[in-house]
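The values are calculated or read from the model by the stated rules, or taken from the named source; none is laboratory data. Since we're looking at a predicted model, the values are computed, not measured. When we count neighbours, we look across all protein chains shown, and the Cβ atoms used for this are built from the backbone with ideal geometry, even at glycine.
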Number of protein chains: 2
Amino acid sequence: MRFFKLTIAYDGTNFAGWQFQPHQRTIQATLEAVLKTICGHDIPATASGRTDSGVHALAQVVGFASPTRHTPRVLLQALNAELPDDISVLSVEEAPEGFHAIRDAVGKRYRYVINDSRVPEIFRRKYIWQIFRRLDDEAMHRAAQALRGTHDFSSFESAGAERTSSVRTICDIEVRRLPPPRDMEIHIEIEADGFLYNMVRAIVGTLVRVGKGRAAETWPAEVLAARERRVAGETSPAMGLVLLRVDY
Amino acid sequence: MRFFKLTIAYDGTNFAGWQFQPHQRTIQATLEAVLKTICGHDIPATASGRTDSGVHALAQVVGFASPTRHTPRVLLQALNAELPDDISVLSVEEAPEGFHAIRDAVGKRYRYVINDSRVPEIFRRKYIWQIFRRLDDEAMHRAAQALRGTHDFSSFESAGAERTSSVRTICDIEVRRLPPPRDMEIHIEIEADGFLYNMVRAIVGTLVRVGKGRAAETWPAEVLAARERRVAGETSPAMGLVLLRVDY
């Protein structure tokens, strides 16, 4: 048996998320069907983590095992030839025996993209949250810094997850407006050892309240301390979220 | 009667081009329907030029006349509120009496985007021509320079157009690869006083043959001199083309 590590990108718009669900178009089901065609047997594929319906990935990592004799290079070409145009395989590597995409991941980085132009951004409309009102990105950045470090992030965890602990470590969180001519775009990037269910989207919804001037810069710290989901801001739309990187 | 100049952007993917056609979704029909709703009467809208099915615009100019009392600012907001998410109005200005979007245009600039990565580019897939083979962008740029200036561009004009003359002046033509990390993207920009039917796409198809090494750098000059469409390269796909700017 050989172990493989795939790095893939996908446009989440037309998928019901990563994970297999009956009668739904999911990334896992699409990828597993193509792997079966290429390798000739059923191959369960494991991603570093599930992404929700509508969430994108620039570099998701997927592990699988197969006795196939195909080289990584041949697998890369065959996968890209067979996959639909909203999934792309960026690289295929042979991984150490026992490689496990979830267990072996030590960190992840997500980006959330907001466009705060009064004019609708049409070309990137499926990859942004459009807010027709200028946000104070600097206040959002300052407010976000309270979330750095190791904390119980229960306030930013949606119901429905099964976790033994809500403690995670955010090692980086940045809010920055792009330079002109793309200065209507705000990127919120968060890097952590792991993320709770809907954690990034709940943090973004909370920071946007600050950006709109509806909450003080100190408010996100209070939300964090409350350890209760209902005190945080709304969950921001899935389409603005993209998984940037998984570290092993 | 007041005259207005709109600058609009559109994602051409789901339109059968600019011009009204029965039973088709076109940009003109969509815009005119919204103008009628807002201003209360039929308003013919004229674009600086038709764009074909699948072609995009970052800044197309549209003129119309109406006795409406709405200010440009109100029109801008009302249009963006009513238009679908693949058309956006960037600005509304009051224009001099008799303003005519076609007749008054003195120049236009188009960009054609090619991606020559071996890996499919999924997020921009509707705005690029993907060629799975590295192109020699520098050879393409050198070859393109022969098209600068005033020439009879019949070799780059598709049948079906009704023009009295095929002479146009290209004042700028550039082929450049973007810097890393976007260096799999090649932009071909052409600025001219006017364009023949499918002219940019025929030029791009011709330059790509040079970029693949299938034709010499001197070949585009020979194609130009031949004044015959069949000697040029294939017409490149519409999706890679975007109208960047119209000058008045």
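When residues of the range A:18-42 are filtered for being within 21 Å of A:Arg2 (Cα to Cα) and hydroxyl-bearing (Ser, Thr, Tyr), how many remain?
1
Do we have A:Leu147 as free of Cβ contacts under 8 Å to residues at least 12 places away in the same chain and of a type in the set (A, V, I, L, M, F, W, C) here?
no
What number of residues within the range B:214-229 are out of contact with any strand residue (DSSP E or B) (no Cβ under 8 Å at 6 or more places or on another chain), surrounded by fewer than 19 Cβ atoms within 10 Å (Cβ to Cβ) and more than 15 Å from B:Asp136 (Cα to Cα)?
Adding up the residues that qualify gives 6.
State all residues of the range B:5-19 that are in contact with a helix residue (DSSP H, G or I) (Cβ under 7 Å, 6 or more places away or on another chain) and closer than 22 Å to B:Glu93 by Cα; if no residue qualifies, say none.
Passing the criteria: B:Tyr10, B:Trp18.
Filter the range A:97-108 for residues that are surrounded by fewer than 20 Cβ atoms within 10 Å (Cβ to Cβ) and closer than 28 Å to A:Leu207 by Cα and give the result.
Correct list: A:Ala105, A:Val106, A:Gly107.
Of all residues in the range A:64-112, which are more than 14 Å from every other protein chain (Cβ to nearest Cβ) and without any contact (Cβ under 8 Å) to a residue 40 or more places away in the chain?
A:Arg69, A:His70, A:Thr71, A:Arg103
Could you check the range B:126-139 and list, in sequence order, the residues that are within 11 Å of another protein chain (Cβ to nearest Cβ) and either within 22 Å of B:Ala29 (Cβ to Cβ) or modelled with pLDDT of 95 or more (or both)?
B:Lys126, B:Tyr127, B:Gln130
Test each condition in (1) modelled with pLDDT of 95 or more; (2) buried (at least 19 other Cβ atoms within 10 Å of the Cβ); (3) away from every other protein chain (no Cβ under 14 Å) for B:Gly149 and report the one that comes out false.
Status for B:Gly149: all satisfied but (2).
Can you name every residue in the range B:72-91 that is over 30 Å from A:Leu90 (Cβ atoms) and in a loop (DSSP other than H, G, I, E, B)?
Within the range B:72-91, B:Leu83, B:Pro84 qualify.
Would you tally the residues in the range A:1-28 being surrounded by 14 or more Cβ atoms within 10 Å (Cβ to Cβ), within 14 Å of chain B (Cβ to nearest Cβ) and not in a loop (DSSP other than H, G, I, E, B)?
Here the count works out to 8.
Restricting to the range B:113-122, what's the tally of residues that are at pLDDT 95 or above and within 14 Å of chain A (Cβ to nearest Cβ)?
If we filter the range B:113-122 for residues that are at pLDDT 95 or above, which is where we start, we get B:113-116.
Filter once more, so that each one left must be within 14 Å of chain A (Cβ to nearest Cβ): B:113, B:115.
Selection size over the range B:113-122: 2.
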